[in-house]
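Novice: There's a structure below that I have some questions on.
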Ligand code: 3Y8
Ligand code: NAP
């Protein structure tokens, strides 16, 4: 058995530890999106595969027998490629997916289907918006330049930002509620923008927003292919052991 673990999330790190403990031969894969990703206890490769064809070639060349997609719920491109490549090669694939967040008492959420729909929901009057969606989709908010945006990024932006009024916070999660509450007060945040990542690493901002009575604009997850889904590491390990027993 030789497993490719598509990572980049907290759960992928937990999955890596479980594979090491079980003595299973596995490779951890990062996209190379950040300058110095957290090190993992597995052999690690960094960078794209080169689309579906590149991924198929990689799977064949490295004799991968099982693929675990533990990428972020918004990493839809990687999940689609993994689904296509594994179907083509008839390779077993499972997606480790954490449950989405749900609004609680005291929350003031506006739900939108996609991140692209968020700028339209912002008010016309100038506001102070905490953008906690990373840097890949900041350009969408150029449609509402009247707001001041507080951006939290993993790495410093390598180009000028497409927004006239910004504050950049460099930080890598997981975050704490107290820190996020203090940050929102210090920056006089009036709106919080998030994507429904689920998990614990990014939840603090929602708890802080609730404590401060701030509105949250929450983008729903993109639809992902495939129906072999595990909600935690134990389910993935049971799937691996079951398929090993069946000799696949
Ligand atoms: C490169 C690996 C671990 C994994 C930690 C989790 C938790 C902290 C919270 C906020 C939200 C955001 C962002 C976020 C979180 C965890 C997890 C998670 C959100 C690292 C990592 C990589 C990335 C990529 C990065 C994206 C960005 C998204 C920042 C490592 C730290 C906003 C998603 O600068 C960029 O281009 C950043 C790009 C994709 C979303 C985006 O579209 O910009 N994650 N994040 C992975 C790779 O190369 O394959 O550097 O160590 C991992 C983590 N980020 O093991 O502890 O599991 O979700 N990551 C979101 O959830 O909304 C921050 O600020 O409140
Ligand atoms: P994406 O849009 O789904 O993928 C774009 C391309 O990046 C993929 O086609 C693939 O390139 C490459 N890629 C993505 N994940 C990869 C991985 N784990 N290993 C190797 N190549 C990978 O991905 P994304 O949303 O930019 O996310 C990139 C990484 O950040 C993923 O590891 C994801 O788990 C992590 N992450 C993302 C978010 C988020 O909000 N999107 C949040 C936290 C962590 P090729 O086509 O060349 O193979």
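Novice: Quick check: the angle from helix 10-21's long axis to the longest principal axis of the chain, C-alpha only, nearest 10 degrees?
Specialist: Relative to the chain, helix 10-21 is tipped by roughly 30 degrees.
Novice: Still on this model: Which value, in Å to one decimal place, does the Kirkwood hydrodynamic radius take for region 1-60 when every pair of different Cα atoms is included?
Specialist: The answer is 12.0 Å.
Novice: Going by how many other Cβ atoms sit within 10 Å of their own, how do 2, 98 line up, fewest first?
Specialist: Fewest to most other Cβ atoms nearby, the residues stand as 2, 98.
Novice: Note down the relative contact order for region 5-60 as a percent, whole number, built from C-alpha pairs under 8 angstrom at least six residues apart.
Specialist: 30
Novice: Work out the FRET efficiency for residue 227 and residue 182 from their Cβ-Cβ distance, taking R0 = 41 Å, and round it to the nearest 0.05.
Specialist: Taking R0 as 41 Å, the efficiency between residue 227 and residue 182 is 0.45.
Novice: Let me ask you something else. So if I take the centroid of the Cα atoms in region 1-63 and the same for region 70-117, what is the distance between those two points in Å?
Specialist: 18
Novice: Mind ranking 118-124, 182-188 by how tightly packed they are, going by the mean number of other C-beta atoms within 10 angstrom, highest first?
Specialist: Listed from highest to lowest mean packing, they are 118-124, 182-188.
Novice: On to the next question. What is the spread of the Cα atoms of region 90-195 along each of their three principal axes, largest first, in whole Å?
Specialist: So the three principal-axis extents are 51, 38, 28 Å.
Novice: So what's the convex hull volume per residue for the Cα atoms of region 27-90, in Å³?
Specialist: With only Cα atoms used, region 27-90 gives 91 Å³ per residue.
Novice: Which three numbers, in whole Å and largest first, are the semi-axes of the equivalent ellipsoid of region 155-210 derived from its Cα gyration tensor as √(5λ)?
Specialist: Working from the Cα gyration tensor, I get semi-axes of 21, 15, 11 Å.
Novice: While we're on this one: Relative to the longest principal Cα axis of the chain, at what angle does helix 233-245 sit, 0 to 90 degrees, rounded to 10?
Specialist: 20
Novice: Using Cα-Cα distances under 8 Å and only pairs 6 or more residues apart, what relative contact order does the chain have, in percent?
Specialist: Rounded, it is 21 percent for the chain.
Novice: Given 20 °C and 1.002 mPa s, compute D for region 119-178 with the Stokes-Einstein relation, Rh being the Kirkwood radius over Cα pairs; round to the nearest whole µm²/s.
Specialist: 176
Novice: Take residue 120 and residue 143, extend 7 Å from each Cα along the Cα→Cβ direction, and tell me the distance between the two endpoints in nm.
Specialist: A separation of 0.6 nm, rounded to one decimal place.
Novice: Then there is this: Once the Cα atoms of the chain are picked out, what are the Rg and Dmax in Å?
Specialist: Taking only Cα atoms of the chain, I get Rg and Dmax of 19.5, 62 Å.
Novice: Now, a different point. Which values, in whole Å and largest first, are the semi-axes of the equivalent ellipsoid of region 4-111 obtained as the square root of 5 times each eigenvalue of the Cα gyration tensor?
Specialist: Ellipsoid half-lengths, sorted descending, are 26, 17, 14 Å.
Novice: I've got another one for you. Of all the Cα-Cα pairs you can form in region 207-248, what percent are over 12 Å apart?
Specialist: The proportion of pairs with Cα distances above 12 Å equals 75 percent.
Novice: Consider a paramagnetic label point 7 Å from the Cα of residue 22 along Cα→Cβ; state which residues of region 209-248 have an amide N under 19 Å from it.
Specialist: Inside the label zone: 227-248.
Novice: Now for a different question. Apply the Kirkwood formula to region 73-142: the hydrodynamic radius equals the inverse of the mean of 1/r over all pairs of different alpha-carbon atoms; give it in Å with one decimal.
Specialist: 15.6
Novice: Between helix 51-61 and the chain, what is the angle of the helix's C-alpha long axis to the longest principal axis, kept within 0 to 90° and rounded to the nearest 10?
Specialist: Around 30 degrees separate the two axes.
Novice: Moving on to the next point. Which distance in nm do the two modelled labels at residue 108 and residue 160 give, with both placed 7 Å along the Cα-to-Cβ direction?
Specialist: Taking the simple label geometry, residue 108 and residue 160 are separated by 3.5 nm.
Novice: If you project the alpha carbons of region 125-248 onto their three principal axes, what span does each projection cover, largest first, in Å?
Specialist: 60, 31, 24
All of the numbers you see were taken from the coordinates with simple rules; none came from a lab. Keep in mind that what you see is a predicted model, and the values were worked out from it rather than measured. When we count neighbours, we look across all protein chains shown, and the Cβ atoms used for this are built from the backbone with ideal geometry, even at glycine.
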